[in-house]
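Structure, as structure tokens:
The values are calculated or read from the model by the stated rules, or taken from the named source; none is laboratory data. If you're wondering where the values come from, they're calculated on a predicted model, not measured in any experiment. Positions of Cβ are generated from backbone atoms using ideal geometry, with glycine treated the same way; all protein chains shown enter the neighbour counts. All accessible areas refer to the heavy atoms of the entire protein, side chains included, with ligands and DNA or RNA removed. Shrake-Rupley method; radii C 1.70, N 1.55, O 1.52, S 1.80 Å.
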Amino acid sequence: MKRLITMVIVAGTLCACGGTSHENSEIRSVVLTEPVLLESTHVINRSGVVCEAHTISLGFKTAGQIERIHVQEGDYIRRGQLLAELDAADYRLSVEALQIQYDQLEDEVARTKQLFDQKSVSANDYEKAVAGLKQLGVQLQVNKNKLNYTKLYAPTDGYVQNVNFSPAEMVDAGTALFTLLDVSHMEVVADIPVGEYGQRDRFARFYCKVAGIEEELPMKLSSITPKADGNQLYQLRLIFTEQPDKRLTAGMNAEIGIVVADTASAHRVAVPLCAVFQDNDENKLCVWVFKQDSTVSKQPVVLNGTDAEGRAVVVEGLTDKECIVRAGVHVLLEGQRVRVIEKSSKTNIGELL
């Protein structure tokens, strides 16, 4: 507090424009400002790691021999891009064989229908023929699906992390041929202790800082694991509210900031240091409050340091609903009538008068 008082006195000296012997009847020109209401919050800083949205193990839906692999480890792929193919010769022959049987049976069913319409075959024989055609059609579709499964496509945008097999190798259905990193959105994962986990209902907002990116990146809460690990830490997952910077990659270290709303309902406002002066008579720090009748009144205040912008933080004596004198504080008297300067004057450089 002594340091802050010294700063106020020094700022007041810079803001002063002359002597202090004045008549109440003299009208002084002043510049006004409004106190800025400060949020009652504090910030928790934790280390985290940038992660991809998901890690996907990707394989064929049918067994076979790998014929071609079209991507390499580290490649960026787009959704729907062809990644690999199996030898599809046998699957293609199966489809052709069933297609021939289906076409033949379809013709037979058509002839059976004509006979049924002519009352030459029973309804039971006709229904059996139709059912047989439907069954063969299902088998044909299954074989067509297996033929399509011999080509593997990317389910999402991302990076190829691992390629686990080579061409000519045999793979079973579901065997992981690729490991993909889904980077459709990025996350930051961090651990918080039980004390901070207990404050989760008062988490107001989140941001992230990463080396090489100067600005703070806004984030939002994705999830908090409700169970502590062996070190009594809870996993916090945050996602970026905007499209992630392309300089972000999975595995990068990050520092997250958790803005927590304080439980205390302290009414704090910030004012310029030049607006605060030392009242030698009462040995108090004061500001001049502007009244509706264009006069000023001395108002004692209690300070508690400065904020990030270098403004004095007032915790008692002032609200954000009042107007105070910003410049000209050292030439005023209690109850003195003043004239408000609406715009900066060319002869009042720095708004010191």
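Some notes on this structure:
- Close amide H contacts of residue 62 (hydrogens built in the peptide plane, cut-off under 5 Å, sequence separation of 5 or more or a different chain): 174.
- Whichever lysines have a C-alpha closer than 21 Å to that of residue 209, once near sequence neighbours (fewer than 8 apart) are set aside: 220, 246
- Of the solvent-accessible surface of region 181-284, computed with a 1.4 Å probe over protein heavy atoms with every protein chain present, carbon and sulfur atoms account for 46 percent.
- Bridging of residue 119 to lysines at a Cα separation below 27 Å is possible for 128, 134, once same-chain residues fewer than 8 apart are set aside.
- Dipole magnitude of the chain about its Cα centre (Cβ charges: Lys, Arg +1; Asp, Glu -1), debye to nearest 20: 600
- In this structure, residue 81 and residue 55 have a Cβ-Cβ separation that, at R0 = 25 Å, corresponds to a calculated FRET efficiency of about 0.85.
- The residues of the chain expose, per residue, 59 Å² of accessible area to a 1.4 Å probe.
- By the helix-only formula, in which each DSSP H run with n ≥ 4 contributes -39500 (n - 2.57) and the sum is divided by residues, the chain has a 222 nm mean residue ellipticity of -7000 deg cm²/dmol.
- Cα-based radius of gyration of region 105-262 once divided by 2.2 N^0.38 Å, which approximates compact folds: 1.96
- Only protein heavy atoms count here; on that basis, with a 1.4 Å probe, residue 170 has an accessible area of about 130 Å².
- Values [x] 125, 51, 44; [y] 66, 54, 51; [z] 72, 50, 39 are given for comparison; Cα extents along the principal axes in Å, derived from the coordinates here, is the one labelled [x].
- Options 118, 314, 190, ranked by Cα towards positive dipole end of the chain, top entry (Cβ charges): 314
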